[in-house]
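Here's the structure we're looking at; comments come further down.
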Amino acid sequence: MRKPFVAGNWKMNLTLASGGKLVDELVNRPEACFPGGPGKAEPPVKVAVCPPYPYLLPLKGRLDGSFVGLGAQNMYSEPSGAFTGEVSAEMLKDVGCTYVIIGHSECRHTIGRGEPDSLLNAKLKAALGAGLEPIFCIGEKIEQRDAGETANVLEQQLRAGLAGIDAEGAAKLVIAYEPVWAIGTGRNATPDQAQESHKFTRSLLGELYGQQVASVIPIQYGGSVKPENAGELMVQPDVDGALVGGASLKADSFAAIVAATARAKKLA
Ligand code: PEP
């Protein structure tokens, strides 16, 4: 079965010094994440941090041999070439990333002219081709939710993003359901709203790839997850962890979310 997965998206925050301190606090105090105690070979929840590009390589050295994995926040779809300012999946792999976030709502809707579905689809294929595990973000805007369009938006984003990706590739994906109206706003989806969207997402994955593959793909919830609300969200049967923004910038709150996930899934 799928293992819960909690990833911290630092966005454009922290410094090498403060980010280094944060990861040191995480890796040196595994008992904060797993109250069962350190020394477990296989932690019950997968954990990763996604720092800004310049900090990936220096922080990789501090994460090596620990229970905390490394992910990037974005990448470009081409392997190399005249793409000033971009980084490739191969480069991320080269510096030790396991994961890469693709299609975060800030990349879809806020930064520059926004990333279209076709580009996200190409990025997902390139990430999988390089051996990365993509965290593919989907989610509706508030006006779409208010218009009763949530399921249509999720379906459209999933079908377009995953076009041409086979079941073998899909089994390596992580999906993050992140309602745009809940990101960085302090307003999280209710546990029922989250479960409804996650269940819909899993059933669509089942339609696309079959039940067996759909049952192994972790679906994270993202949007104002904090230690105080993590337990009630994570207890939902189709919520398999969290993509955490603001609360991942402090070791204590991030570790508390990991611990709440382990408790909610009865793994601690
Ligand atoms: C995010 O950046 O993916 C996110 C969910 O942010 P926050 O937790 O701050 O809402």
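List of remarks:
- Entry remark, segment 151-208: residues being within 20 Å of Glu115 (Cα to Cα), touching a residue at least 40 places away in the same chain (Cβ under 8 Å) and more than 18 Å from the chain's Cα centre (by Cα) number 6 in total.
- Residues located in segment 182-215, provided they are within 11 Å of the ligand (Cβ to nearest atom) and either open to solvent by 10 Å² or more (accessible area, probe 1.4 Å) or assigned to a helix (DSSP H, G or I) (or both): Ala182, Ile183, Gly184, Thr185, Gly186, Arg187, Asn188
- Test: Pro227 is of a type outside the set (A, V, I, L, M) and in contact (Cβ under 8 Å) with a residue 60 or more places away in the chain: no
- Tally, over segment 249-267, of residues that are within 14 Å of the ligand (Cβ to nearest atom) and touching a Lys or Arg at 6+ places or on another chain (Cβ under 8 Å): 2
- Filtered by the rule that a residue be outside any helix (DSSP H, G or I), open to solvent by 60 Å² or more (accessible area, probe 1.4 Å) and of a type in the set (Val, Ile, Thr), segment 88-139 gives a lone residue, Ile111.
- Only one entry in Gly36, Gly69 is over 24 Å from Pro134 (Cβ atoms), touching a residue at least 12 places away in the same chain (Cβ under 8 Å) and not in a helix (DSSP H, G or I), namely Gly36.
- Total residues in segment 216-248, condition touching a helix residue (DSSP H, G or I) at 6+ places or on another chain (Cβ under 7 Å) and within 13 Å of the ligand (Cβ to nearest atom): 13
The values are calculated or read from the model by the stated rules, or taken from the named source; none is laboratory data. A quick note: this is a predicted structure, and the numbers were derived from the prediction, not measured. Quick reminder, even Gly has a Cβ in these numbers, built from the backbone with ideal geometry, and neighbours come from all protein chains shown. For accessibility, only protein heavy atoms count, side chains too; no ligands or nucleic acids. Shrake-Rupley method; radii C 1.70, N 1.55, O 1.52, S 1.80 Å.
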